[in-house]
Every structure is written in C-alpha cells, then in structure tokens.
Amino acid sequence: MRNIKNYVAGEFLSSNSQFDDINPVDGSVVAKVHEADKTTVDRAVAAARASLAGEWGTISVAERSSLLNKVAEGIEKRFDEFVDAEISDTGKPLTQARTLDIPRGTANFRFFANLVASSGTECFEMKTPDGGGALNYSVQKPLGVVGVISPWNLPLLLFTWKVAPAMAAGNAIVGKPSEETPGTAFLLAEVMHDAGVPHGVFNLVNGFGRGSAGEFLATHTDVDAITFTGESATGSAIMRAAADNVKSLSFELGGKNAAIIFEDADLEQAIDGTVRSVFSNCGQVCLCSERVYVHESIFDEFVDRLKNCAESLQLGWPEDDKTEIGPLVSIAHRDKVVSYYELARKEGATIVTGGGIPKFGDRRDEGAWVEPTILTGLPESARCVREEIFGPVCHIAPFSSEDHAVAMANDSRYGLASAVWTTNLARAHRVARQIDAGIVWVNTWYLRDLRTPFGGVKLSGIGREGGTHSLNFYSEPTNICIKL
Ligand code: NAD
Ligand code: 6OD
C-alpha cells in the first residue's frame, strides 16, 4: 500500500492519523494518506516563513525561473507515475489524464517560469514645481507565505495553476490538496525535492477542510494569502476564517454555466461542443455547461441529437482507449448528484436520458458511477436549474429571442463561464459582452491561453488569475518615488 505523507521543511513526515485514498472506479483503497495535525501545519508555515529569510529570499529571478523549469522536467520524467496517480484517485479516462491533466501540470510551471523571467516593472516620470522632476518605479515583492487549497476535479492542473505562479513570484508555499485526490500533489513534492527547491519553499499538508489542515491553514495568523479553488460555500467559510488577519484572497469558485445555441449556429459543431461542455470529466469541471439554452426553432432537433450523443458516450475502465466517461470522484458525490436526479423528477422534469446509476455486473458496481443525464421541462426557478450539481447533467430550455437568451443566461447567482454558438459575427460580439461571466467562449469550449484572465463574477469567485493577473495577485508592488 502506498503512503502519502506530508512534506515539511524538506522532510517527508508520517502521521499517526491516516485516512484511505479511494479509487472511485470500484471503491478500492489505493493509498494511506497521513493527515497533518495542527502542529504539522504550524511547522509547515514556520518552514515557509524561514525559507523567505534564506536563499529563496535573495535568489535571482533567472534562478527561480530555472528551478521552475526543472520542476516541469521532473514531472515529465515521471509522466506515467503522475498519470497513474491521477487516474487511481479520480477514475478519469487515461486519455484525458495523458492529454490534459498532467501536460497542464508541466505547462503551468513552464509558462510562469518564462513569464516571470521576461516581466518588467512600471515606471512613471513626473514633473515637479521646481522643474527637477521625479521618477516613480515599482518593485514587485512576494506576498510571503501563501496557502494553496485545491479541489479534486482536475487535481494536478488546479494545484499547479496556483503553486507555479506563487513560486514564480517568489513566495513560499503551504499546499493542501483535496483529501479525495492527494496522489499527484505528493509526487509533486518528491519532484520539488529532487529538483533542489530549497527546503521550506514548498510544503505539503494533507487533510480535510473543517477542523483539519484546510481550516488550520486558512486561520493561521502567519499565512499572508490564501488562494483557493473549490465550492462557493467553502470560499465563504475561508473568507470568514481569513478575515481576522486580513489575508489576501484569490477565489476560483463554483459555476452554473450557460451554453446558448442560436438558430444560426453550425449545429454539428454546437452539438459536439455541448457534449464536451456538459459531459467532460463526468461533468466535474467548474466550466461545464449545466444550463443549455436553445433557440425554439431548433430545440427539438437539438435535444434529440444531444440525447443520441449522450447515450453513445462510453462509460468504462480508465485504461480503455475507448472510454470517454469515468465515475464521479466519490460515493458521497455520487449520492449528491443522484439526489439532484431525484429532485429533478420531483420538480417535474422530463428525463430525456439517464437519471440513474449504471449497472456493470462487475466490481465497478462498488464505484461512484452515474448515467449521463439530460433534463428538460423545468421552470427557471427550479433548484436543478439554479444550483450547481457538478455531474454529467444539463437542463435544456428553449428561448425565443437574443434578449431572452441573455436574460436567462444571466439569471443566476453564479458567473464563471459561458459558451455561445452562432455563425453571426456581430451577434457573437454583442452577446459575449452582455453575459455576466468571467469567461465567454464563442464556438468553442475550454480553449485555454494561459495569458488570459481566468476567474468568475458573483458567487463564482474573487479576482482573476492567468498570465500577469496571477503574478500581480501573488506579489505586492512597492512604489519608489525618487525626486530628481
Ligand atoms: P470543496 O470546496 O469541497 O473543497 C476544496 C478544498 O477546500 C479541499 O481541499 C477541501 O479540503 C478544502 N476545504 C473544505 N472546507 C474547508 C474549510 N472550511 N477551510 C479550509 N479548507 C476547506 O470543493 P471540491 O468539492 O473539492 O471541488 C468542487 C467545487 O470546486 C465545485 O463547486 C467546482 O465548481 C469548484 N471549482 C471551481 C473552479 C474554478 O476555477 N472556478 C475550478 C475547479 C473547481
Ligand atoms: O484551465 C485552467 O487554468 C483552470 N483554472 C481550469 C479550471 C477548471 C475548473 O474545474
């Protein structure tokens, strides 16, 4: 049995308290996770603080950048181990882990290594009454000790999306991956160790949220910032916990994203794209479309064709090349998603397809599987249309006009991402600007350029990460004004 330990001040630490890391494909235990207690989190924070006063505090940007590139190489060298760990924690298809999750882990390090190496600073000259003038320039300093708290859906991708820029900006890290998926973060700690990242710069603590490592980190008085990805309700709890010592916060939270399919869309493309945007990663991507709005003139055809596609999706073993959908992350999450399938029935939905738990007749029946599901016929006030479900499910509703579509898309407490399908260029620009969301994709979905601002409005988050937005969040500028 593998042991997933904590990593503090350059040492791998065991703990007397351990919990099971479970494979949701069949409920088997894949590793024992060593839970960090309060003392271990305190030690991790102290180690991070001490590293800022050591060589990490004076290292040149070029050296920092080169270390981050070494970390990327380290992930690449152990690519198959990372893929295996991600699959056994999540059950996601091998093809996805090989093409998205793990490559993005390396890309995050490479991207921020290069960005920080080429970043400059701002400078403003000004006139003064005496005619001498003055020069203002700013220097970027790290925030200090940054707590990184991450979720289970894209474990390595989302953990490194924060660790890489925070380190690039010169901070020291205490990371807490999700208790459901600690495998790749542990491998990352080994890679950091082998790459020669100075001890204490990157620390890893395992555990849960409330009453465990997550809360210990969020309430810690010597942590300068918390960067968090997860549920909006957890974001509120962390915000309250962080209020006492006024930490900087960056939050990437939940979504109830809308897709809008206009009557002039390339239907083939819109259907393919919507299959991806609803069912990818078994619907467990914060950017997934859970509300699909389709022009009334093509509504029946769209529903029919999406149903056929959903029914032909291959649920299967992660290692099988043909597998398109794996299980949900856990039995607890499966029960939550299935409770929404039940709620949809009570709320009067038509279940176009799915709505249950598949039967395999093998050990997968012990796993966390659900059927891809399409709902229609609910009012916009239904809980299934308003609350984030985070499974392979969408509700499809018709609209009659562009204004109607925009109004329905915006009628949500969330505002993370949206997908608009149209061949009318003017409409694409017009609608995209009217959507209340941090990201609008037109005729595509989840196409990422790491330089762009990423984040949500309303309950979907605070702040933006990506490119210079990340470096700005993870650093503190000091303006220096020199009288000439
Ligand atoms: P979650 O909020 O339950 O957990 C996320 C992390 O927070 C875990 O590491 C957990 O242990 C920790 N945590 C929980 N309670 C805590 C507390 N009180 N104090 C400190 N830490 C605590 O989220 P999840 O279920 O792991 O992930 C799914 C959610 O994440 C969905 O809502 C999804 O939309 C959201 N998400 C958002 C984005 C984005 O970029 N906006 C990306 C991925 C996932
Ligand atoms: O691609 C990314 O950078 C990113 N942050 C994706 C978030 C996905 C949410 O589940």
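The values are calculated or read from the model by the stated rules, or taken from the named source; none is laboratory data. Since we're looking at a predicted model, the values are computed, not measured. Here Cβ is always computed from backbone atoms with ideal geometry, including for glycine, and neighbour counts include all displayed protein chains. Just so you know, the surface numbers come from the protein's heavy atoms only, side chains and all, with ligands and any DNA or RNA stripped out. Shrake-Rupley method; radii C 1.70, N 1.55, O 1.52, S 1.80 Å.
Quick notes on this structure:
- Residue match in region 348-356 (condition: within 16 Å of ligand 2 (Cβ to nearest atom), assigned to a loop (DSSP other than H, G, I, E, B) and open to solvent by 10 Å² or more (accessible area, probe 1.4 Å)): no
Conditions (1) in contact (Cβ under 8 Å) with a residue 24 or more places away in the chain; (2) within 16 Å of ligand 2 (Cβ to nearest atom); (3) hydrophobic (A, V, I, L, M, F, W, C), marked per residue:
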site: Phe111; (1), (2), (3): yes, yes, yes
site: Gly133; (1), (2), (3): yes, no, no
site: Leu143; (1), (2), (3): yes, no, yes
site: Ser150; (1), (2), (3): yes, yes, no
site: Leu158; (1), (2), (3): yes, yes, yes
site: Lys162; (1), (2), (3): yes, yes, no
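- Qualifying positions in region 104-122 - touching a Phe, Trp or Tyr at 6+ places or on another chain (Cβ under 8 Å) and part of a loop (DSSP other than H, G, I, E, B): Thr121, Glu122
- Among (1) open to solvent by less than 40 Å² (accessible area, probe 1.4 Å); (2) in contact (Cβ under 8 Å) with a residue 24 or more places away in the chain - the single one Val83 does not satisfy: (2)
- Condition broken by Tyr340, with the remaining ones in (1) free of Cβ contacts under 8 Å to residues at least 60 places away in the same chain; (2) closer than 24 Å to Asp411 by Cβ; (3) in contact with a Lys or Arg (Cβ under 7 Å, 6 or more places away or on another chain) satisfied: (3)
- Residue within region 234-254 that is within 16 Å of ligand 2 (Cβ to nearest atom), under 30 Å from Arg305 (Cα atoms) and either open to solvent by 10 Å² or more (accessible area, probe 1.4 Å) or under 18 Å from the mean Cα position of the chain (by Cα) (or both) present: yes
- Scanning region 437-456 for residues that are within 15 Å of ligand 1 (Cβ to nearest atom), farther than 23 Å from Phe109 by Cβ and part of a loop (DSSP other than H, G, I, E, B) yields a total of 4.
Here is a yes/no grid of residues against (1) part of a loop (DSSP other than H, G, I, E, B); (2) more than 10 Å from ligand 1 (Cβ to nearest atom):
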{"residue": "Gly211", "(1), (2)": "yes, no"}
{"residue": "His220", "(1), (2)": "yes, yes"}
{"residue": "Ile260", "(1), (2)": "no, yes"}
{"residue": "Gln269", "(1), (2)": "no, yes"}
{"residue": "Phe279", "(1), (2)": "no, yes"}
{"residue": "Cys286", "(1), (2)": "yes, no"}
{"residue": "Tyr293", "(1), (2)": "no, yes"}
{"residue": "Ser297", "(1), (2)": "no, yes"}
{"residue": "Phe302", "(1), (2)": "no, yes"}
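- Unmet criterion (only one of (1) among the hydrophobic types (A, V, I, L, M, F, W, C); (2) within 16 Å of ligand 1 (Cβ to nearest atom); (3) free of Cβ contacts under 8 Å to residues at least 40 places away in the same chain) for Leu100: (3)
- Residue match in region 46-55 (condition: of a type in the set (Asp, Glu) and either open to solvent by less than 60 Å² (accessible area, probe 1.4 Å) or part of a loop (DSSP other than H, G, I, E, B) (or both)): no
- Whichever residue in region 460-469 is at negative phi and open to solvent by less than 60 Å² (accessible area, probe 1.4 Å) and, among such residues, is nearest to ligand 2 (Cβ to nearest atom): Glu465
- Residue list for region 348-370, restricted to those being touching a Cys at 6+ places or on another chain (Cβ under 9 Å) and of a type in the set (Phe, Trp, Tyr): Trp369
- Checking Gly132 against (1) of a type outside the set (A, V, I, L, M); (2) surrounded by fewer than 24 Cβ atoms within 10 Å (Cβ to Cβ); (3) at positive phi, the condition it does not meet: (3)
- Test set (1) open to solvent by less than 30 Å² (accessible area, probe 1.4 Å); (2) under 30 Å from Pro318 (Cβ atoms) - Lys77 fails condition number: (1)
- Scan of region 226-257 for residues that are more than 6 Å from ligand 1 (Cβ to nearest atom), in a loop (DSSP other than H, G, I, E, B) and not charged (D, E, K, R), ordered by number: Asn245, Val246
- Residue check, Asp89 open to solvent by less than 20 Å² (accessible area, probe 1.4 Å), over 27 Å from Asp224 (Cβ atoms) and out of contact with any Lys or Arg (no Cβ under 8 Å at 6 or more places or on another chain): yes
- Index of the failed condition, Asp101 passing every other in (1) in contact with an Asp or Glu (Cβ under 8 Å, 6 or more places away or on another chain); (2) surrounded by fewer than 23 Cβ atoms within 10 Å (Cβ to Cβ); (3) part of a helix (DSSP H, G or I): (2)
- Restricting attention to region 360-389 and to residues that are touching a Phe, Trp or Tyr at 6+ places or on another chain (Cβ under 9 Å) and within 20 Å of Asp26 (Cα to Cα), the residue that is nearest to ligand 1 (Cβ to nearest atom) turns out to be Val370.
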